[in-house]
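A quick write-up on the structure given underneath.
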Amino acid sequence: QVQLVESGGGLVQPGGSLRLSCAASGFSFSIYTMGWYRQAPGKQRELVATLTSGGSTNYADSVKGRFTISRDNAEKTVFLQMNSLKPEDTAVYYCNGKFKVRNYWGQGTQVTVSS
């Protein structure tokens, strides 16, 4: 069955870095647009970054220049490198895979930025 399993979240101080990983299985990973979304308490889920099968990226304005999305098709894994983290980056981060009408989500991983 389809699975997206995130890892790498945790507690980090402002200005610090984290690298999230999402291991995929059960679908043709290489043809999917993979992405990261986040949801802070009391807010709607929002796009963080996406990466198409052709290598095109899209970032939320709030993370441009600080976050980098990448993928390893051989390992069926998508990454989110997060640098210069801010308290407002605190949220549950979700991995997403999309292809035509198919849309898959992971269970989420908590990222907390606090001193």
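What follows is calculated from the coordinates using simple rules that are stated; it is not laboratory data. Quick caveat: nothing in here was measured; it's all calculated off a predicted structure. Cβ coordinates were reconstructed from backbone atoms using ideal geometry, including for glycine residues, and neighbour counts include every protein chain displayed.
Across the chain, the fraction of Cα-Cα pairs farther apart than 25 Å, rounded to a whole number, is 16%. Ordering ILE69, LEU85, SER7 by the projection of their Cα atoms onto the charge dipole of the chain, which places +1 on the Cβ of Lys and Arg and -1 on the Cβ of Asp and Glu, puts ILE69 at the extreme positive end.
You can think of it this way: the chain between LYS98 and SER17 has 26.5 nm of extra reach, that is 0.36 nm per residue less the Cα-Cα gap. A straight Cα-to-Cα reach below 29 Å connects LYS43 with the lysines LYS64, LYS86, LYS98, LYS100, residues fewer than 8 places away in its own chain not being considered.
Relative contact order for the chain: 36 percent, from Cα pairs under 8 Å spaced at least 6 residues apart, divided by residue count.
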